[in-house]
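Heads up, the thing below is written out as structure tokens.
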Amino acid sequence: FGADLDTLVRSGHGTLTVGAIMVTAAGLLPAAVQELKKTRPAVSVRVVESSSDRLLADLAKNEFDFVLCRFVRPQDSLQFELLPLSDEPLCIFTGRNSPVPQRSRSLADLHGMPWVIQDSPTPTRRLLEAEFGDVDLPLPSDLVRVSSVYTMLNMVEKAGMVGVLPRAMVDNEGERFRVLPVKLRGRLSPYGIVTRRGMEHSDTAQDMMQILQRLARKGRRRT
């Protein structure tokens, strides 16, 4: 019994529950889970993917050890702490075989095209609304709102729509999509590790957060 208990302590045990926006699932989070499992193979890792606003609401209810997302409102910093990891730029993209002209270089050029955006008030959606507003245009009238990034990707690829997502997510899809040369003036705030203020973290959660920060630093040095 003593030997078994010692093995459990050394290899980790229990469950680590992490909420994450999809951009982190493109590379950072899988690499971090792989690294964690080298030293804590017995830990069960549960990952819940959602938008930043929903993740923060669930984190406030203590449903996660921590989440990987962005702040949505200025007052979020009163309730949560954020350790920045990355500030991936956004891009406007279409399917590889989309009828959208490759020469489109502005939001005005794309305003009459069918668009797909996230349904909830995510930082990405708010930035897109601000970008159209800056050129005195409302959101396109030909618009589909979705709650899933996976659905958005399929709409862009198979229904000929225009989408906006962090560049890393689009690049992760390989040859399915093409990024249009549309420059956006604004930038998303950095995403990172978000925890409730005053929250105590398990040893496993602390290890995972350290791994994420280390991998993020390596990624910034490569770029």
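In segment 110-127, which residues have a backbone nitrogen under 16 Å from the label point lying 7 Å from Val144's Cα in the Cα-to-Cβ direction? Under 16 Å, as judged by backbone N against the label point of Val144, lie 113-120 of segment 110-127. Placing unit charges on each Cβ (+1 for Lys and Arg, -1 for Asp and Glu) gives the chain a dipole about its Cα centre, and among Cys91, Ser202, Val45 the Cα reaching farthest toward its positive end belongs to Cys91. Globularity index of the chain is 1.14 (Cα radius of gyration / 2.2 N^0.38 Å, N = number of residues). Compared with the dominant principal axis of the Cα atoms in the chain, helix 203-222 is inclined by about 40°. Rounded to the nearest 20, the size of the Cβ-charge dipole of segment 91-182 about its Cα centre is 220 debye, with Lys and Arg at +1 and Asp and Glu at -1.
Per the helix-only calculation at 222 nm, which mean residue ellipticity applies to the chain, given -39500 (n - 2.57) for every DSSP H run of n ≥ 4 and division by its residues, nearest 500 deg cm²/dmol?
Values: 10 runs with 90 residues, N = 223.
One gets -11500 deg cm²/dmol as the mean residue ellipticity at 222 nm.
Carbon and sulfur atoms: what percent of the 1.4 Å accessible area of segment 76-119 do they account for? Spell out each step's value before the answer.
Working: 1060 of 2210 Å².
Looking at segment 76-119 in its full context, I get 48 percent from C and S.
Can you give the charge dipole size of segment 100-149 about its Cα centre, rounded to the nearest 20 debye, using +1 on the beta carbon of Lys and Arg and -1 on the beta carbon of Asp and Glu? Intermediate values should be presented prior to the final figure.
Working: 5 positive and 7 negative charges, 34 e Å.
My answer is approximately 160 debye.
Sorted on the mean count of surrounding Cβ atoms within 10 Å across their residues, most packed first, peptides 19-27, 59-67 read 19-27, 59-67. Summary value for the chain: 31 percent relative contact order, contacts being C-alpha pairs under 8 angstrom separated by 6+ residues.
What area, in nm² and to one decimal, does the C-alpha convex hull of segment 19-117 cast on average over all directions? Intermediate values should be presented prior to the final figure.
Values: hull surface 37.3 nm².
Averaging across all directions leaves 9.3 nm² for the Cα convex hull.
Can you give me the C-alpha center-to-center distance between segment 43-78 and segment 90-128, rounded to a whole angstrom? Cα centroid to Cα centroid, the span is 27 Å.
Working ranking of peptides 129-137, 86-94 by packing, defined as the average number of other Cβ atoms within 10 Å per residue, highest first, is 86-94, 129-137. Distances between placed amide hydrogens fall under 5 Å for Phe177 paired with Arg96, all partners being 5 or more residues away or on another chain.
Over segment 48-98, the pair-distance histogram of Cα-Cα distances with 10 Å bins from zero comes to 20, 46, 20, 12, 2 percent, rounded to whole numbers.
A straight Cα-to-Cα reach below 27 Å connects Lys38 with the lysines Lys218, residues fewer than 8 places away in its own chain not being considered. Given a Förster distance of 22 angstrom, what is the FRET efficiency for Ala130 paired with Leu83, based on the Cβ-Cβ distance and rounded to 0.05? Efficiency computed from Cβ-Cβ geometry: 0.25.
About the Cα centre of the chain, what is the dipole size in debye to 20, counting +1 per Lys and Arg Cβ and -1 per Asp and Glu Cβ, all else neutral?
Dipole about the Cα centre, nearest 20: 660 debye.
Can you tell me the FRET efficiency between Thr39 and Asn172 if r is taken as the Cβ-Cβ distance and R0 is 35 Å, rounded to the nearest 0.05? Working shown, then result.
Details: r = 27 Å, r/R0 = 0.76.
For R0 = 35 Å, the calculated efficiency reads 0.85.
When Lys and Arg each count +1 and Asp and Glu each count -1, what net charge do the other residues less than 14 Å away from Asp119, Cβ to Cβ, add up to?
+2
Global dimensions of segment 132-181 from alpha-carbon coordinates: Rg and Dmax equal 12.1, 34 Å.
Accessible surface computed residue by residue for segment 97-223, with neighbouring protein chains in place and a 1.4 Å probe, gives 54 Å² per residue.
The values are calculated or read from the model by the stated rules, or taken from the named source; none is laboratory data. From a predicted model like this one, the values you see are computed outputs, not experimental measurements. No Cβ is skipped: glycine too gets one built from the backbone with ideal geometry, and neighbour counts run over all protein chains shown. In case anyone asks, the SASA skips ligands and DNA or RNA and just uses the protein heavy atoms, side chains included. Shrake-Rupley method; radii C 1.70, N 1.55, O 1.52, S 1.80 Å.
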